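Notes follow the structure.
The values are calculated or read from the model by the stated rules, or taken from the named source; none is laboratory data. Computed from a prediction, not measured in an experiment: that's the story for all the values here. For accessibility, only protein heavy atoms count, side chains too; no ligands or nucleic acids. Shrake-Rupley method; radii C 1.70, N 1.55, O 1.52, S 1.80 Å.
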Amino acid sequence: MTEKLGYQVIEDLGGFEIRMYAPHILVSTDESGSMSSAGTLAFRRLANYIFGGNSAGRSIAMTAPVLQAPKATGFVTSFVMPASMSMEKMPATADKTLTFTEQPGGKFAAVSFSGLANQPLFDSKANWLKSQLNTRGIAASGPAIFARYDGPWTPFFLRHNEVLIPLQG
C-alpha cells in the first residue's frame, strides 16, 4: 500500500476539511508549460530520482499525493518523501533541477474530488474552496496546491484528487 502524507482533521465543514499536516520532506522541480506538460516532464525527473537515479543508486518508495503548485510560467511539482526519511538520509542527485525542502507541516483547507486531474477542474475546485474560506472569514496564507493520489492506471471515476490551501495560524 502506498504511504500517504499524514494529517489530522481539525474540522469537517461540510464539503471541505481543515487539516493539520505533519512535517515532511519534498523533492521538487519547476517546469514551464501547462499543468499537463509541466507535470509530465516533472514526473519523469522525480521518478528517475526515486527509482534509483540518485547518488546511492537506491529506490525510494513512492508516496501520495503528488503535488503541483502554479508559478508564473508553469508549475512546481513535488513528490512527498516517506515519513522515515530525513534530510540527512536523502541521497544526492546530479539533476540540478531537483530541490529538497523540509516542510514544517501546518494548517490547510482541503476539498476532495474524483475525476481526471486537469487544470479547469482544479481551478474550479480551488475557486470554490477560496469562496468557502472567504465566506467563513478563514484567511489563506498561500496559493492553492493541487494533489493527485492515484496513478494513470486508476479509472478516472475512482481517482482521488484534492485542492489544498495553506491557512494562517
request  = Would you compute the Debye intensity of segment 47-169 from its alpha-carbon atoms alone, equal scatterers and no solvent, and pass along log10 I(q)/I(0) at q = 0.12, 0.16 Å⁻¹ to two decimals?
outcome  = -0.53, -0.90
remark   = Expected unfolding gain across residue 8-residue 140 under the 0.36 nm per residue rule, minus the alpha-carbon gap, is 45.7 nm
task = For every helix of n ≥ 4 consecutive DSSP H residues, a contribution of -39,500 (n - 2.57) applies; sum these over the chain, divide by its total residues, and give [θ] at 222 nm rounded to the nearest 500 deg cm²/dmol.
result = -6500 deg cm²/dmol
inquiry  = Could you report the chain's accessible area per residue, 1.4 Å probe, as an integer in Å²?
reply    = 52
task = Express the C-alpha Rg of segment 30-71 as a ratio against the empirical globular expectation 2.2 N^0.38 Å, rounded to two decimals.
result = 1.26
ask   = From the Cα gyration tensor of segment 6-48, with a ≥ b ≥ c the square roots of its eigenvalues, which class applies: rounded if a/c is under 1.5, or else prolate if a/b is larger than b/c, or else oblate?
value = oblate
inquiry  = Considering only C-alpha atoms, what is the centroid distance from segment 1-55 to segment 118-169, in Å?
reply    = 13
request  = Using only the Cα atoms of segment 1-99, each taken as one equal point scatterer with no solvent, compute I(q) by the Debye sum, divide by I(0), and report log10 of the ratio at q = 0.19 Å⁻¹.
outcome  = -0.97
